[in-house]
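Asker: Take this structure first; my questions come after.
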Amino acid sequence: MRLFIFYFILFFSCILKTVAQNTLPFKPLFMIGGSGGVSFPLTKFRIGQETDYLCGYKDLFIYGRPIEISHVLFKNYGIAASIEYDHVDGNSLRTDNFKNKIQQQYQDNFYILEMDSKGESEGTEVMKGQLGIFYTMDKPNFFIRPQISIGVLSLDAKRYDIFLKEKNTNQVFSLRYDYLNSRIDYFTTDLSVRFGYKLSHRFAICLDASLSHFKMNLTFQKDYQNLYTQELTSEQFNYYKNILAASTGIGFTYLVSKRTTKQKTTIN
Amino acid sequence: MIKKTALIILLFSIARFIVSCCYCSKIEFYNYTYDSVRVYNIDNSGPAAVNASDHVLKSAYGFVLCPYTTAITQRSPSLPFSIESAYATGKCDCDTPEYIGTSKDTIASIVITTNNDFDATHPANSDVSDLFKIYDHYAYSTISEYIKAETFHQTNCLTFLLMVPPPAPGNQQFSVEVKMKDGRIFKKETPIIQLI
């Protein structure tokens, strides 16, 4: 999914640049940049259950956008594409937190014999690809650029198989955590404003503020089974919620091409 | 011509000698038979079963049945081109090989009887096999299910867990009868244990 997002944005940017250069009456402004910052939760993703640690997402996180490409296409309107990496808790930290939570719940009556995880990606980054349109207000020393974007956020989740032995008995239980959704990629929308201060005619430092939203639709199922009697009880943990976050960050923009009117040339 | 033939035979013999000296078999195949069995009580109240002392919680009682076997024949793997290994030379620096045994007789049934009154429906000398399960890697099986399974290795020790404890505490002893398919029967009693 991550590769798909990357290639999609790359392909989209190339097509757009080619189309713009061939059809518009002026050479578009082409800018590249990067930024990073902090995202604060407005609605919390965590529900206070052990399954919070099975999902590779975090309420408060640092983000980085190593690639931002933008084109001013017509007057002050343009399009932008970016790839964002959200830094979430690593696999080992999530595993430790999950194990601690399980131990708190079961240590009074059970011994934890074995814990096996089966997961997707186990990295510390969540990838988000975005495409947006913006309006830029250019002044001699600064610019302000409000932008609306859509994108795809790709999360990872883990499964767990745990074996418990009841203290002072011959009974062994299995505890299985599994996510029921086959896809954990979410459509995102972002509203952002970028304030840029021009240090030269090509280079500007920027201050970003944004509001982002996605609708999480993730369900974890917990199966608790007595392996002797085969008695099974199941419980579901639903993460059906609108996740709203505000973020702020700093970055830079570098102007690759300047706006110049195309001249028609005729070859005699 | 005679010299050439003699030279070829000599070279072949030298090759056989070198190969036989340096061949290390990683797997040794053998056949075995049952000699006897032994049983001992276990205390399964902790995270893993341990040898029981003189008393055990009745809800965490079990015993282990281990067969004693004897290797009766050794089957040596043959080498290509009919070159045989020289096991008697002892000159090769070989690691300890893995032994894979094949049982010449298999277990037909295992019956557990109680020597003392167990509960109202199981007086002394009655069959209590249905109160036990064989436990192996997070799976419980009945005796018949387990010994018929393809994964059952005849040389492994079997862990029997008492899944229905007696209603009252007291001393208990169980007799375990292992019937082989060739008709032989091995019978052992667990040490007397106080179930509390």
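The values are calculated or read from the model by the stated rules, or taken from the named source; none is laboratory data. Note that this is a predicted model, so its numbers are computed, not measured. Backbone-built Cβ (ideal geometry, glycine too); neighbour counts: all protein chains shown. To get the accessible areas, we keep the full protein, side chains included, count just its heavy atoms, and leave off ligands, DNA and RNA. Shrake-Rupley method; radii C 1.70, N 1.55, O 1.52, S 1.80 Å.
Asker: Note down the nm distance, to one decimal, between modelled labels 7 Å out along Cα→Cβ at A:N238 and at B:S144.
Answerer: Between A:N238 and B:S144, the simple spin-label model gives 4.6 nm.
Asker: Give me the one-decimal nm value for the distance between modelled label points at B:K3 and B:N156, 7 Å along each residue's Cα-to-Cβ direction.
Answerer: So the two model labels end up 6.6 nm from each other.
Asker: In Å² (nearest 100), what accessible area is buried between B and A, both sides summed, heavy protein atoms only, 1.4 Å probe? List each step's numbers first, then the result.
Answerer: Details: alone 12280 and 14630 Å², together 25600 Å².
For chain B against chain A, roughly 1300 Å² becomes buried.
Asker: Taking a virtual spin label 7 Å from the Cα of A:V256 along the C-beta vector, which residues in region A:128-156 bring their backbone nitrogen under 18 Å of it?
Answerer: A:130-134
Asker: Here is a follow-up. Which loop-located trypsin sites (Lys or Arg not before Pro) does region A:153-250 contain, where loop means any DSSP state but H, G, I, E or B and the Cβ has at most 12 other Cβ atoms within 10 Å?
Answerer: Details: sites: A:K158, A:R159, A:K165, A:K167, A:R176, A:R183, A:R194, A:K198, A:R202, A:K215, A:K222, A:K241; in loops: A:K167, A:R183, A:R202.
Counting only loop positions with at most 12 other Cβ atoms within 10 Å, the trypsin sites (Lys or Arg not before Pro) in region A:153-250 are A:R183.
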